[in-house]
Each structure stands twice: as structure tokens, then as C-alpha cells.
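Visitor: Before we start, here is the structure in question, set down as C-alpha cells.
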Amino acid sequence: MTTRTVLFGKLFWPAQLVGGLAAGVLDIPLISKAGWTAPVIAVSLLAAAIIVSGTWLLARLYARRVARLRAFAEGLLSGRLSQVPLRESGDDLGTLAGCLNRLSSRLRDLSSGLTAEAERSEAILAGMSEAVVAVDQRLFVVFRNEAFARLVGANAALPVAMPVQELAPDREFVEMLRAAVISRQSSQQRLRLPGPLGGRTFDVHAAPLTVAGRRGAVAVLHDITELERLERVRRDFVANVSHELRTPLTAIGGYAETLLEGALEDRENNRRFVEIIKAHAIRLNSIASDLLTLAELDADQPAPGPEPVSVRAAIEAALRTVEAEAALRGVELCPAILEEAVVLGNKTRLEQALVNLLDNAIKFNRPGGQARIESGPADGGQVRIAVADTGIGIPPAHLPRIFERFYRVDKARSRDVGGTGLGLSIVKHVVERMNGTVTAQSEPGKGSTFTIVLPAAP
Ligand code: ADP
């Protein structure tokens with residue numbers, strides 16, 4: 001027996017034992033034909049057992065790591081983006097774990113970017129004054145902003161996926177959306193939509209929309225009711241101005257022609273014709289200067305620094321301006337109670353407003369009538385200026401409209417007395433720019449009172 005054999009025998013006695021036992025159990029000879037001994041077989045079996053159990057352990061370990069990777073990946077799929085990162089080791093699974101960790105952080109970045117973007121878009125759409133509504137292929141609402149909800153009078157949250165025609169039952173509007181979904185073409189129309197606000201006019205833009213491969217359409221509704229009203233006011237104003245200018249221009253042209261065609265030699269009438277021309281030229285001048293004043297007031301330029309204006313001084317100046325006219329028409333300017341008060345505004349403009357009111361009190365009066373102006377304190381530390389007359393008065397039906405441009409109760413009478421129909425609208429404008437109010441009371445046949453209330457200067 002060699003030393004190696006002894007050493008082998010000592011070191012592997014458990015194997016010999018296992019080999020012996022195995023040989024007994026398996027009924028194999030201790031020395032096989034091939035010359036293998038029981039210990040060799042035992043070693044082989046032990047080694048095999050170690051390999052098998054090692055492999056099993058490794059496989060289990062591997063399976064656990066794969067399961068962890070799978071759970072992590074599934075977590076990502078179901079939106080759990082803030083999972084604890086996987087442990088990264090140097091083998092293939094470790095590399096995969098690293099990839100999944102990076103994917104997770106990238107998805108997190110993307111998701112927070114998308115959330116921020118969605119919040120931004122939502123805030124923009126919510127803050128828009130235009131109403132926005134998006135529909136799907138069946139014309140069911142998939143999105144609408146606050147303005148659209150207000151437009152359709154929804155005071156609670158709108159149910160999801162509601163047919164748009166139930167919210168905005170207007171055939172043309174629904175057709176615009178349908179056309180955008182089907183023909184994929186944008187369109188624009190001015191529509192008057194029924195609504196809780198009593199029917200308003202909208203500039204509607206409808207456009208096709210594709211979200212995640214699904215077809216739909218979006219409509220943006222811009223409320224142009226006020227714009228339309230202003231357009232109408234502007235059109236009426238231009239028509240009124242043209243009409244107002246035409247009368248004096250026609251008269252001037254007509255009389256000038258008559259004079260040229262021989263009336264110049266007509267000693268009885270030529271002077272009268274020239275005076276008529278002069279009167280109409282004065283009228284044109286009044287219209288032009290009133291229009292200019294209104295245009296300046298409309299321009300909304302900041303008044304050249306509101307200055308403290310003495311109400312008493314403004315009233316006295318206005319009285320001086322209309323004195324001659326009052327005398328001419330036989331109207332008495334009554335002594336008035338003038339309280340000392342100061343308001344903030346433009347002195348010239350306030351004087352002009354008071355002249356306009358006094359002028360009307362004289363023009364729409366009768367010989368022997370009275371025009372009176374007074375000032376005094378009003379509620380809340382304000383200043384009140386009242387212009388009253390004993391004139392023809394204004395019928396109640398006309399009272400609400402007399403501050404409109406070119407509005408006159410009796411056009412012919414107004415023209416006869418040199419009115420332009422713009423005096424009261426200038427008064428209203430001037431007073432409102434001084435943060436005050438002007439109102440009118442009148443009794444036909446008895447007289448009228450115009451009251452201005454202005455905040456007193458601090
Ligand atoms: P006008 O240049 O015609 O005076 P205003 O704008 O000053 O234009 O007044 C509008 C209309 O209001 C007048 O045409 C007149 O019919 C009526 N009005 C204004 N003030 C008086 C008043 N004191 N008494 C009676 N009617 C008045």
C-alpha cells in the first residue's frame with residue numbers, strides 16, 4: 001500500500017463508508033470489473049451529490065434573482081416607478097438589473113415631465129377665456145374646459161362621455177365637429193348658440209384631433225357677443241355721423257349754388273342765404289368739435305394728471321359761458337347755492353360738461369323760464385352738482401336713452417336750437433372718467449334736473 005493509498009483511505013473513510021454501504025445496498029462488488037473500488041464510487045456519488053445540490057442552490061438563487069427582476073419589471077409596467085433599485089452585480093443578471101434601474105429612472109423622468117406638461121396644458125386650458133371641447137369619433141365629450149362648462153351652464157362636474165349635442169344642442173355646431181371627425185378638415189364659423197346666458201355669438205373653430213391613433217375633433221369657441229355689439233355701435237355711429245353731416249353740407253351746397261346761379265344779385269335774399277350757410281358751417285363746426293372731444297375721451301389716454309378742481313370756479317366759468325345764450329332766449333339763470341368743494345379731474349372738461357347741461361337747460365326751455373345750477377355735499381363725502389330747468393321736460397320713454405350718442409327726443413327741435421345730439425354723451429363720459437355718475441329726472445311740461453355726483457378730492 002503506497003502512502004498515497006493510505007492518505008486516500010484516511011481522508012476518504014466517509015466515502016469508503018458510503019461506498020461500502022452503497023455497494024451493500026446496491027449489491028455491487030467492491031471491486032468492479034473495470035477495477036473501480038467502492039470508495040471511488042462513493043466519491044463520485046458524493047461529488048455528484050455536491051454538484052447536484054450546488055446546482056440546485058445556484059438555480060434557486062438564480063430563480064430568485066430572476067423573480068426579483070420580473071417583479072421589478074412588472075412593477076414598472078403597472079406604474080410603480082419609485083421602487084427600491086435592484087442590486088447590481090457583475091454577472092449578466094446584474095447587468096440586466098442595472099438596465100432595469102436606469103429604465104426605471106428614465107421612466108420616472110419621463111412620467112414627471114409628462115405630468116408637468118399635462119398640468120401646464122390643463123392650467124392653460126382652464127385659464128382660457130375661450131371655451132374648448134374635444135370629442136371622440138362618436139361625438140362624445142372627452143374633454144372640456146371651465147369656460148365651456150360655464151357656456152353650457154354646467155354648475156356641477158359634467159359626466160364623462162356625454163354626447164356633445166346634449167350639452168350644446170346646436171345643429172350647425174355639431175355638424176362642424178362631425179365634419180372635422182369625418183373629413184379631417186378644419187372649419188370656422190360665426191354661430192349664435194343658445195345657452196344659459198340667453199344666446200351669445202361665438203367665433204367657432206373646429207379641427208380634427210387624433211389621440212393615440214383614435215380620431216376625434218376639437219372646437220374652440222370665442223365669445224364675440226361684445227365685439228359684435230361694438231361693431232354694431234361703430235356702424236351706427238358712422239351712419240349717424242354721415243347723416244348728421246349730410247344735412248348742413250347739403251344746405252351749404254344748395255345755398256351756395258343758388259347764390260352762384262343768380263341769387264347773389266337778389267338783394268332781398270342774398271344776405272339771408274349767406275347767413276344760412278354760416279349757421280350750417282357753425283353747426284358743422286360744433287359736430288366736428290363734439291366728435292373730437294368724444295374721440296379724445298374714447299382714446300382712454302390717461303387724463304393729463306387729475307388736478308384738484310374747484311367746483312364753484314367751474315360752475316362760475318360755465319355760467320359766464322352761457323350768459324349770452326340765456327339772455328338771447330329769455331331764460332333766467334337763477335342765483336344758486338354754491339358750496340365750496342374740490343374734486344379731482346380735468347378743469348376744462350368739467351366746465352365743458354357743465355356748459356353742456358346749462359346749454360340744454362336754456363335750449364329746451366321757454367322764454368321766461370328758469371335754469372338753475374347748485375352744488376352741495378352728497379352721501380359718503382361726495383359732491384353733488386345739479387342743473388335744473390323749468391323747460392319742456394323729457395317723456396319717460398326717452399329718459400333711459402338720452403345719454404346715447406346722437407339720441408334726441410325731438411330731432412328737428414334739437415337741430416333748430418343748434419344741438420348735435422352729442423352733448424349729454426360727452427357729459428356722461430367726462431363724469432365717468434372722474435369716477436362719478438350722472439342721472440336725469442324729468443317731468444314733461446314741467447322741467448328736468450340733471451345731477452352729477454363726484455368723489456370729493458381727499
Ligand atoms: P343736443 O345737442 O340735441 O342737446 P344732447 O345729447 O345734449 O344733444 O341731448 C340729447 C337730447 O336730450 C336732446 O336732443 C333733448 O331732446 C334731450 N334733452 C337734453 N337736455 C334736456 C333738457 N334739459 N330738457 C329737455 N330735453 C333735454
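Visitor: Treating only the Cβ of Lys, Arg, Asp and Glu as charged (+1, +1, -1, -1), what charge dipole size does the chain show about its Cα centre? Round to the nearest 20 debye.
Guide: Details: 53 positive and 50 negative charges, 580 e Å.
Charge dipole of the chain: 2780 debye, to the nearest 20.
Visitor: Which values of log₁₀ I(q)/I(0), to two decimal places, follow from the Debye formula for the chain at q = 0.13, 0.14 Å⁻¹ with a uniform point scatterer at every Cα?
Guide: -1.17, -1.22
Visitor: What residues qualify as long-range amide H neighbours of ARG192, i.e. H under 5 Å apart, gap of 5 or more or another chain, H built at 1.01 Å from N?
Guide: Amide H to amide H, under 5 Å and 5 or more residues apart or across chains, ARG192 pairs with PHE202.
Visitor: Starting from the Kirkwood Rh over alpha-carbon pairs, what translational D in µm² s⁻¹ does region 228-298 have by Stokes-Einstein at 10 °C and 1.306 mPa s? Walk me through the numbers on the way to the answer.
Guide: On the way: Rh = 13.9 Å.
Rounded, D is 114 µm²/s.
Visitor: Just the Cα atoms of region 119-244: what Rg and Dmax do they give in Å?
Guide: For region 119-244, the Cα-based Rg and Dmax read 16.6, 62 Å.
Visitor: Next up: Debye sum, Cα scatterers, region 307-455, no solvent: what log₁₀ I/I(0) at q = 0.10, 0.11, 0.17, 0.18 1/Å?
Guide: Log-scaled intensity ratios, in q order: -0.30, -0.37, -0.92, -1.04.
Visitor: So if I take the alpha carbon set of region 318-373, get Rg, then get Rh from the Kirkwood formula, what is the Rg over Rh ratio?
Guide: Details: Rg = 11.9 Å, Rh = 11.9 Å.
Using Cα coordinates only, the ratio equals 1.00.
Visitor: Okay, moving on. In region 386-458, what trypsin sites (Lys or Arg not before Pro) fall in a loop by DSSP, with at most 12 other Cβ atoms inside 10 Å? Walk me through the numbers before you get to the answer.
Guide: On the way: sites: ARG401, ARG405, ARG408, LYS411, ARG413, ARG415, LYS428, ARG433, LYS446; in loops: ARG405, ARG408, LYS446.
Taking region 386-458 and a limit of 12 other Cβ atoms within 10 Å, the loop trypsin sites (Lys or Arg not before Pro) found are LYS446.
Visitor: Arrange VAL322, VAL174, VAL238 by Cβ neighbour counts within 10 Å, fewest through most, would you?
Guide: Details: VAL322 24, VAL174 17, VAL238 10.
Lowest count first: VAL238, VAL174, VAL322.
Visitor: So what J values fall out for region 421-427 if you push phi through Karplus, 6.51 cos²θ - 1.76 cosθ + 1.60 with θ = phi - 60°, rounded to Hz, Gly and Pro as x?
Guide: Residue by residue, region 421-427 yields x, 10, x, 6, 5, 5, 4 Hz.
Visitor: Find, to one decimal place in angstroms, the Kirkwood hydrodynamic radius of region 376-458, where the mean of 1/r is taken over every pair of different Cα atoms and then inverted.
Guide: Working: mean 1/r = 0.0730 Å⁻¹.
Kirkwood radius, region 376-458: 13.7 Å.
Visitor: Next up: For each of ASP410, ASP290, ASP91, count neighbouring Cβ atoms within 10 Å of the residue's Cβ, then give the residues from fewest to most.
Guide: Numbers: ASP410 15, ASP290 21, ASP91 11.
Going from sparsest to densest Cβ surroundings: ASP91, ASP410, ASP290.
Visitor: Would you grab the residues whose amide H sits under 5 Å from the one on GLY345? Only those 5+ places off in sequence or on another chain, please, with H modelled 1.01 Å from N.
Guide: So GLY345 has HN proximity to GLU307, VAL309.
Visitor: Under the Karplus relation 6.51 cos²θ - 1.76 cosθ + 1.60, θ = phi - 60°, what is the ordered set of whole-Hz ³J(HN,Hα) values for region 57-71, x standing for Gly and Pro?
Guide: 4, 4, 4, 5, 4, 4, 4, 4, 5, 4, 4, 4, 4, 5, 4
Visitor: Still on this structure: Would you calculate a helix-derived [θ] at 222 nm for the chain, using -39,500 (n - 2.57) for each DSSP H run of n ≥ 4 and dividing by the full residue count, to the nearest 500?
Guide: Values: 13 runs with 240 residues, N = 458.
That comes out to -18000 deg cm²/dmol.
Visitor: How high is the relative contact order of the chain, in percent, counting Cα pairs under 8 Å that sit 6 or more residues apart?
Guide: Working: 638 pairs, mean separation 35.6, N = 458.
Here the relative contact order equals 8 percent.
Visitor: Give me D for region 59-197 in µm² s⁻¹, whole number, from Stokes-Einstein with Rh from the Kirkwood sum over alpha-carbon pairs, 20 °C and 1.002 mPa s. The partial results should precede the final answer.
Guide: Working: Rh = 19.1 Å.
D, rounded to a whole number, is 112 µm²/s.
Visitor: Which loop-located trypsin sites (Lys or Arg not before Pro) does region 184-245 contain, where loop means any DSSP state but H, G, I, E or B and the Cβ has at most 16 other Cβ atoms within 10 Å?
Guide: Working: sites: ARG184, ARG190, ARG192, ARG200, ARG214, ARG215, ARG229, ARG232, ARG234, ARG235; in loops: ARG184.
Here the trypsin sites (Lys or Arg not before Pro) that fit, given the DSSP loop and packing criteria, are ARG184.
Visitor: Hey, another quick one. Tell me, what does the Kirkwood hydrodynamic radius of region 173-256 come to in angstroms if you use every pair of distinct C-alpha atoms? Mind showing how you got there, number by number?
Guide: Working: mean 1/r = 0.0619 Å⁻¹.
Here the Kirkwood hydrodynamic radius works out to 16.2 Å.
Visitor: Please list, in chain and number order, the residues 5+ apart from GLY369 or on another chain whose amide H is under 5 Å from its amide H, with Hs placed from the backbone.
Guide: Distant-sequence amide H within range of GLY369: GLU332.
Visitor: Quick one: if the Förster radius is 41 Å, what FRET efficiency do ILE124 and ASP91 give, using the C-beta to C-beta distance and rounding to 0.05?
Guide: Numbers: r = 49 Å, r/R0 = 1.20.
Plugging the Cβ-Cβ distance into 1/(1 + (r/R0)^6) gives 0.25.
Visitor: Can I ask one more? Taking 0.36 nm per residue of separation and subtracting the Cα-Cα distance, what length does fully extending GLU261 through LEU46 add? Could you put the intermediate results ahead of the total?
Guide: Working: separation 215, 0.36 × 215 = 77.40 nm, distance 14.29 nm.
Working it through step by step, the gained length comes to 63.1 nm.
Visitor: Moving on to the next point. Quick check on the exposure proxy: order SER183, SER442 from fewest to most C-beta atoms within 10 angstrom. Please list the in-between numbers first.
Guide: Numbers: SER183 10, SER442 23.
So the residues, fewest neighbours to most, are SER183, SER442.
Throughout, read-outs are computed from the coordinates displayed, never taken from laboratory work. The shown structure was predicted, so the numbers you read here are calculated from the model rather than taken from an experiment. Cβ: placed from backbone, ideal geometry, glycine included. Neighbour counts: every protein chain shown.
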